[in-house]
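These notes concern the structure reproduced below.
The values are calculated or read from the model by the stated rules, or taken from the named source; none is laboratory data. Treat the numbers as computed from the prediction; the structure is a model and nothing was measured. Here the Cβ positions follow ideal geometry from the backbone for every residue, glycine too, while neighbour counts run over all protein chains shown.
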Amino acid sequence: MFRFPGLSRTLLLVAAVRVAAASLSLSAQPPIATPGEPAAPKARKLFAEAVEWQQRGQQSKAIEAYREAGKQDGGRCFECTHRAFMMAMDAGDFKVARAAVDEGMAGAQSDADRAKMHFWLGTAWQNEGVRENEDKYFAESCGEFKTALALNPALTPTYYSYGVSLAYLHQDDEARAQFSAFLKLDKELPILHPRAQRFVEHADLARARMAPDFSITTPDGQHVSLDSLAGKVVLIDFWATWCGPCVEALPHLRNIVQEFRGQPFVAISVSRDQDDAVWKKFVIAHKMTWLQYRDDGSANSLAGQFGVKQVPATFSINAEGILEDQNLVGDEGIDDKLKKLIAQAVEMQNHSPSAAPSSHP
């Protein structure tokens with residue numbers, strides 16, 4: 001799944017693909033063009049077809065149709081480029097993502113639009129660098145981010161992403177400068193500021209496998225984000241009431257919560273249930289007293305951020321926000337692994353008072 005290293009998909013410069021509200025059929029007349037969408041009649045028809053393919057989950061056909069709509073509109077359809085890029089990135093096809101942006105670049109109407117496109121190109125190169133573990137991709141991304149900032153210095157997420165690529169190239173001083181610039185100039189993404197500050201202090205964390213910067217609200221009104229839990233070990237368990245292995249693992253998870261109570265540790269159960277009432281009734285009946293959340297299944301869902309395709313799936317995150325290997329609650333050794341991570345968290349607290357955990361349970 002497409003995400004920035006160290007940056008949640010929910011915090012992308014451009015929001016995740018917006019699916020048309022009205023249900024369209026392949027033979028239906030395309031809607032009147034809105035700003036950013038194609039204006040030419042043939043291009044509008046192709047755009048409507050692309051939306052329909054996207055709604056049906058036919059990614060490759062949707063991408064192809066969005067790209068063709070952009071071509072028929074003379075490269076001026078910003079939304080065609082955006083959607084094709086986002087879907088290709090989600091599919092992990094970085095070459096197609098870059099090709100879609102290149103096709104839209106010539107028709108960009110302003111430096112601001114061109115800056116966003118160079119930002120997207122940089123993001124594609126960066127994600128490929130993470131996957132392939134090769135410096136040449138990070139070097140390419142740095143060039144694109146630099147161009148984006150030259151076109152629009154106010155595009156503040158670029159400083160953050162530029163810093164990440166520089167960190168991967170072990171240019172830590174330059175990376176810190178970009179993170180500092182982000183903190184100084186950005187007014188739109190305050191949720192990223194704590195992480196950027198940590199990267200200023202420890203640039204090596206920017207090239208670590210950081211967990212998605214999630215933010216949730218539990219049924220009892222608690223607002224919880226990853227950065228608000230800095231200094232604590234976090235265990236996130238994706239489950240569902242209809243999942244037999246998930247239900248079988250509940251006693252073990254309950255024991256884990258009890259064993260580490262009062263220590264720098266937080267457990268979060270994330271349900272994939274669609275029926276809210278069934279989920280809440282189950283949680284109460286089984287005395288699941290730790291943090292609970294039901295995933296809504298949207299494009300920006302927690303499961304999507306973690307790349308969860310099926311349950312059960314459990315992730316542990318260390319006190320510095322680094323995502324550990326995926327586990328299952330019933331796996332042998334998970335208790336020992338958590339003990340080790342919690343011991344590291346305690347040591348970090350003892351040596352760095354400023355890193356003490358928050359007051360969240």
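Things worth noting here:
- Within region 74-110, the only residue that satisfies the criterion of being surrounded by 24 or more Cβ atoms within 10 Å (Cβ to Cβ) and not in a helix (DSSP H, G or I) is Cys77.
- The number of residues in region 208-258 that are at positive phi and over 26 Å from the mean Cα position of the chain (by Cα) comes to 0.
- Of the listed requirements (1) exposed (fewer than 15 other Cβ atoms within 10 Å of the Cβ); (2) part of a loop (DSSP other than H, G, I, E, B), Asp213 misses just one: (1).
- Val224 vs. criteria surrounded by 13 or more Cβ atoms within 10 Å (Cβ to Cβ), in contact with a strand residue (DSSP E or B) (Cβ under 8 Å, 6 or more places away or on another chain) and either not aromatic (Phe, Trp, Tyr) or not assigned by TED's automatic domain parsing to the domain that holds Gly129 (or both): yes
- Matching residues in region 127-154 - criterion: being under 19 Å from the mean Cα position of the chain (by Cα) and among the basic types (Lys, Arg): Arg131
- Annotation: of all residues in region 189-220 being touching a helix residue (DSSP H, G or I) at 6+ places or on another chain (Cβ under 8 Å) and of a type in the set (D, E, K, R), the one that is nearest to Asn152 (Cα to Cα) is Arg195.
- Tally of residues being in a loop (DSSP other than H, G, I, E, B) and in contact with a helix residue (DSSP H, G or I) (Cβ under 8 Å, 6 or more places away or on another chain) across region 267-286: 3
- Considering region 40-73, and only residues there that are part of a loop (DSSP other than H, G, I, E, B) and surrounded by 15 or more Cβ atoms within 10 Å (Cβ to Cβ), the residue that is modelled with the lowest pLDDT turns out to be Ala40.
- One residue alone among Arg272, Arg294, Arg254 is charged (D, E, K, R), in the same structural domain as Gln344 (by TED's automatic domain parsing) and surrounded by fewer than 18 Cβ atoms within 10 Å (Cβ to Cβ), and that residue is Arg254.
- Residue match in region 246-267 (condition: among the basic types (Lys, Arg) and touching an Asp or Glu at 6+ places or on another chain (Cβ under 8 Å)): no
- Taking the criterion of being closer than 20 Å to Phe138 by Cα and surrounded by fewer than 17 Cβ atoms within 10 Å (Cβ to Cβ), the residues of region 181-204 that qualify are His202, Asp204.
- Output for region 219-266, where each listed residue is small (Gly, Ala, Ser), outside any helix (DSSP H, G or I) and within 16 Å of Glu320 (Cα to Cα): Ser225, Ala230, Gly231
- Test: residue in region 313-324 that is of a type in the set (A, V, I, L, M), part of a helix (DSSP H, G or I), modelled with pLDDT under 95 and out of contact with any Pro (no Cβ under 7 Å at 6 or more places or on another chain): no
- Filtering region 212-243 to residues that are free of Cβ contacts under 8 Å to residues at least 60 places away in the same chain, small (Gly, Ala, Ser) and closer than 19 Å to Ala303 by Cα leaves only Ser225.
- A residue that is closer than 30 Å to Ala313 by Cβ, part of a helix (DSSP H, G or I), at pLDDT 95 or above and not assigned by TED's automatic domain parsing to the domain that holds Asp296 occurs somewhere in region 139-155.
- Among the residues of region 199-211, the ones that are acidic (Asp, Glu) and touching a residue at least 12 places away in the same chain (Cβ under 8 Å) come to 1 in all.
- Filter result (of a type in the set (Lys, Arg) and in contact (Cβ under 8 Å) with a residue 60 or more places away in the chain) within region 173-197: Arg195
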